[in-house]
Amino acid sequence: CFTLINSSDSIKQESNSIELVIIDSGISKKMEYSLPNNWSIKHYNSKENKNNHADLVLQQILNNVEYQENVNVIIHDVVVSNSNNISVDSLYNTLNIAKKFNADIINLSLGISINSDDIKSVIDDISKDNTIIVAAAGNKFGMSAQYPARYKTVISVGSLDLKGNVSDFSAMKYVDEYRLGEYDSYSGTSFSAPIVTAEIINNFFEH
């Protein structure tokens, strides 16, 4: 089980830059205008963006991050799917793309229902490089978290409602952290995971 660093602590980083991978539906170019100074996006394997899921995930990160002028954040935008269905092969291929970046953090506001030895293998390889992987536990209505959130080397994030209770739709088993899962008119653990990602970014450097 993971315990996140308190806001009064920090993760000491020699460099003044953070490499963040967002594996999702693809961040639209318009989001570049919403970025703080010293933040940038590099797009990979771009596809026609048919939904705004990745944009919402990035906006949730931006809403919860404490901007620091001396910190550069490089976002690697990796597209896994533009639909609600994610195949094992697609996730495996995009994780291998992400692996090449040797990033500090990977945000996965998505998952699959079945265990895959191939997915677990690449997740383990990425974790060995000291990359922090944050993943949505899934809208599993009290059941076990989806994969890859369920793996021990991944921070699994479930959802809280506006009253601070675990959301009815959230996974509840194999969950490490819970954060608010409601954003604008949307709800889901997809929007809980980016809050944890933002908290990790906030603690990467001494203030």
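The values are calculated or read from the model by the stated rules, or taken from the named source; none is laboratory data. Since we're looking at a predicted model, the values are computed, not measured. Methodologically, a virtual Cβ is constructed for each residue, glycine included, from the backbone with ideal geometry; neighbour enumeration extends over all protein chains shown. Side chains are part of the model used for accessible areas, which takes the heavy atoms of the whole protein and leaves out ligands, DNA and RNA. Shrake-Rupley method; radii C 1.70, N 1.55, O 1.52, S 1.80 Å.
Using equal-weight Cα scatterers in the Debye expression, the normalised intensity of the chain in log10 at q = 0.11 Å⁻¹ is -0.45. Averaged per residue, the range 57-207 has 44 square angstrom of accessible surface, using a 1.4 angstrom probe with ligands and nucleic acids left out.
One decimal place: the segment Lys29-Ser90 gains 19.7 nm when fully extended, by the rule 0.36 nm per residue minus the C-alpha distance.
Longest stretch of the chain clear of exposed loop sites (GluC sites (Glu not before Pro), DSSP loop, at most 13 other Cβ atoms within 10 Å, sites excluded): 70-205. The count of lysine pairs in the range 127-207 whose Cα atoms are under 22 Å apart, excluding pairs fewer than 8 places apart on the same chain, comes to 6.
In this structure, the amide hydrogen of Tyr178, modeled 1.01 Å from its nitrogen in the peptide plane, lies closer than 5 angstrom to those of Gly158, counting only residues at least 5 positions away or on a different chain.
Please return the longest stretch of the chain lacking exposed loop sites, where trypsin sites (Lys or Arg not before Pro) count only if DSSP places them in a loop and at most 13 other Cβ atoms lie within 10 Å.
Segment 101-151 is the longest.
Given the chain, what percent of its DSSP beta bridges are antiparallel, to the nearest 5?
10
Taking the protein heavy atoms of the chain in the context of the full set of protein chains, the accessible area attributed to carbon and sulfur is 44 percent at 1.4 Å.
Within the chain, what is the longest stretch that has no chymotrypsin sites (Phe, Trp or Tyr not before Pro) placed in a DSSP loop and near at most 16 other beta-carbon atoms within 10 Å? It works out to 68-140.
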